[in-house]
1. Within region 174-200, track down each residue that is more than 24 Å from Cys74 (Cβ to Cβ), touching a residue at least 60 places away in the same chain (Cβ under 8 Å) and out of contact with any Phe, Trp or Tyr (no Cβ under 7 Å at 6 or more places or on another chain).
2. Among the residues of region 184-202, is there at least one that is among the acidic types (Asp, Glu), modelled with pLDDT of 90 or more and either open to solvent by 40 Å² or more (accessible area, probe 1.4 Å) or assigned to a strand (DSSP E or B) (or both)?
3. Take the residues in region 25-44 that are in contact with a helix residue (DSSP H, G or I) (Cβ under 7 Å, 6 or more places away or on another chain) and on the phi < 0 side of the Ramachandran plot; name whichever of them is surrounded by the most Cβ atoms within 10 Å (Cβ to Cβ).
4. I'd like the residue in region 99-127 that is without any contact (Cβ under 8 Å) to a residue 40 or more places away in the chain and touching a Lys or Arg at 6+ places or on another chain (Cβ under 9 Å) and, out of all such residues, is least open to solvent (accessible area, probe 1.4 Å).
5. Assess whether Arg153 counts as being modelled with pLDDT of 95 or more and either surrounded by fewer than 14 Cβ atoms within 10 Å (Cβ to Cβ) or over 18 Å from Arg38 (Cβ atoms) (or both).
6. Against the definition (open to solvent by 40 Å² or more (accessible area, probe 1.4 Å) and farther than 27 Å from Arg190 by Cβ), how does Arg77 come out, yes or no?
7. Given the criteria in contact with a His (Cβ under 9 Å, 6 or more places away or on another chain), of a type in the set (S, T, N, Q) and surrounded by fewer than 22 Cβ atoms within 10 Å (Cβ to Cβ), does Asn65 qualify?
8. With (1) more than 17 Å from the chain's Cα centre (by Cα); (2) open to solvent by less than 70 Å² (accessible area, probe 1.4 Å); (3) under 30 Å from His185 (Cα atoms) as the list, and Met70 as the residue in question, which single condition is left unmet?
Amino acid sequence: MPTRTLHPPSHRRPQVSICDGIALEYGRTHEACGPARRTFALWLAAATTGPVLWISPAWEVDQLNPDGMMNFACPSRFLFLHARRQDDLLWATEEALRAGQVPLVVTDLPAPPALKPVRRLHLAAQSGGRHGPQPLGLLLTPGSGGAAGIESRWHLSPDHRDQHHHWQLQRLRARTLPPRSWRMHHPAPRARLEVVQPPLAVVS
């Protein structure tokens, strides 16, 4: 009787690619920090299709400007939720991921969350794919971030020169990939991002 080699099914989750070699997994929650973290969220939104839920504190003075968003993604795709209490930010994020009705949920936080709420967000993102594709959660945190148990952490800062739009992107943490650094270029509104130098190892 012939012997067949059994190949176990792949458990690799679908990914959204921001640029060649830079991708985030669906069904998990990621973190973006640094002075241009909201730009990173807009890059991610531009790489997805469908609505984007953007959750932010109602007391936050700085809010997204549609004119600035136009260079990256159409503002009409965004649904904005302004939470009146800090506890409601993560609660609303968890509920939105569990519902699985929007592919991308972005939450602007005043500080990095602890391990337990992040684990709950991972579980919510996984269960959000019961009847379709799993959603992706992105937490925006100030400074250098530090959310515990996050799937990946990205730091973005502007590096504009001679009227050219450049950014320095760092992958500070990922479960299965090493830290890396890229210099990014946005050649034109709605254009795909370009890497202007090979990825560099991040020296800790």
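The values are calculated or read from the model by the stated rules, or taken from the named source; none is laboratory data. Treat the numbers as computed from the prediction; the structure is a model and nothing was measured. Cβ: placed from backbone, ideal geometry, glycine included. Neighbour counts: every protein chain shown. Note: areas computed on protein heavy atoms with side chains; ligands, DNA, RNA excluded. Shrake-Rupley method; radii C 1.70, N 1.55, O 1.52, S 1.80 Å.
1. Trp182
2. No, because not a single residue in region 184-202 is among the acidic types (Asp, Glu), modelled with pLDDT of 90 or more and either open to solvent by 40 Å² or more (accessible area, probe 1.4 Å) or assigned to a strand (DSSP E or B) (or both).
3. Thr29
4. Within region 99-127, the match that is least open to solvent (accessible area, probe 1.4 Å) is Ala124.
5. Taking the combined requirement at face value, the residue does not satisfy it.
6. Answer is no for this residue.
7. The answer is no for Asn65.
8. It is condition (2) that Met70 fails.
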